[in-house]
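The values are calculated or read from the model by the stated rules, or taken from the named source; none is laboratory data. Please read all numbers here as calculations on a predicted model, not as lab measurements. Cβ sites come from the backbone with ideal geometry, for glycine too, and all protein chains shown count toward neighbours. Each accessible area value is taken on the protein alone, full model and side chains, heavy atoms only, with ligands, DNA and RNA left out. Shrake-Rupley method; radii C 1.70, N 1.55, O 1.52, S 1.80 Å.
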Amino acid sequence: MRACPFFMLERIFFLTWGDLGLIFGKKDLFIFIWNAMFFSRACAYGVRAALFLATRTDNRPVLVKDIAQRLGIPFHFLGKIVQGMVKTGILVSYKGRNGGVALARSTDQIKLREGVEAIDGPDLLKGCVLGLPECSGDHPCPLHAQWSDIREEIEAMLSEKSVAEMTKDL
């Protein structure tokens, strides 16, 4: 199996949007957003686990401890994440001697948004990017206008991008 740079990302430093535009194209911007700004570590781990399962050549279930070891994710933490992904229908769990977890559907039917919402919740991108409680169109924060455009792009990407599409470049 080929190594996936996404699996190996550990630390991302906070950069301004201008820095990101100079250094990375839109394709890589998602990875920076994922690691530096919005999505939880649990969410990143869950998506990495789904991508790992999607890149396997066989569809047999894989033990969570094997996924955790391969991806360098704490086993017990990944176990809790996987439970949520099973509950929402992204993964399926098999018990017994040949048990483990596998993708519940084909990779082209699983959208990235499902994984994000299963782990981080449906309201993840709804709040103020600065965390201000009163941020709205009527009372905008200093980044409200820019964040609205970026949020729309991220929401569209999450809704359109499937696990199959993400594995194409691996």
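Summing Lys, Arg as +1 and Asp, Glu as -1, what charge do residues with Cβ under 14 Å from the Cβ of F77 carry, F77 excluded?
Around F77, the surrounding residues sum to +4.
Roughly to the nearest percent, how much of the accessible area of region 47-170 is carbon and sulfur, given a 1.4 Å probe? The partial results should precede the final answer.
Working: 3690 of 7300 Å².
Carbon and sulfur: 51 percent of the exposed surface of region 47-170.
Over all directions, how big on average is the projection of the convex hull of the alpha-carbon atoms in region 112-170, in square nanometres?
Working: hull surface 19.3 nm².
Projected area, direction-averaged: 4.8 nm².
Once you have a ≥ b ≥ c as the square roots of the Cα gyration tensor eigenvalues for region 44-170, tell me rounded if a/c is under 1.5, and otherwise prolate or oblate according to whether a/b is larger than b/c. Numbers along the way, then the final one.
On the way: a/c = 2.83, a/b = 2.12, b/c = 1.34.
Prolate, because a/c is 1.5 or more and a/b exceeds b/c.
Add +1 for every Lys or Arg and -1 for every Asp or Glu among the other residues with Cβ under 10 Å from the Cβ of E165, and state the total.
Details: positive: K111, K161, K168; negative: D108, E160, D169.
My count for the surroundings of E165 gives 0.
What is region 59-106 by shape, rounded, prolate or oblate, if you read a ≥ b ≥ c off the alpha carbon gyration tensor as root eigenvalues and call it rounded for a/c under 1.5, prolate for a/b larger than b/c, and oblate otherwise?
Oblate, because a/c is 1.5 or more while a/b does not exceed b/c.
L143 versus T88, label points 7 Å from Cα toward the beta carbon: distance in nm?
Output for this residue pair reads 2.3 nm.
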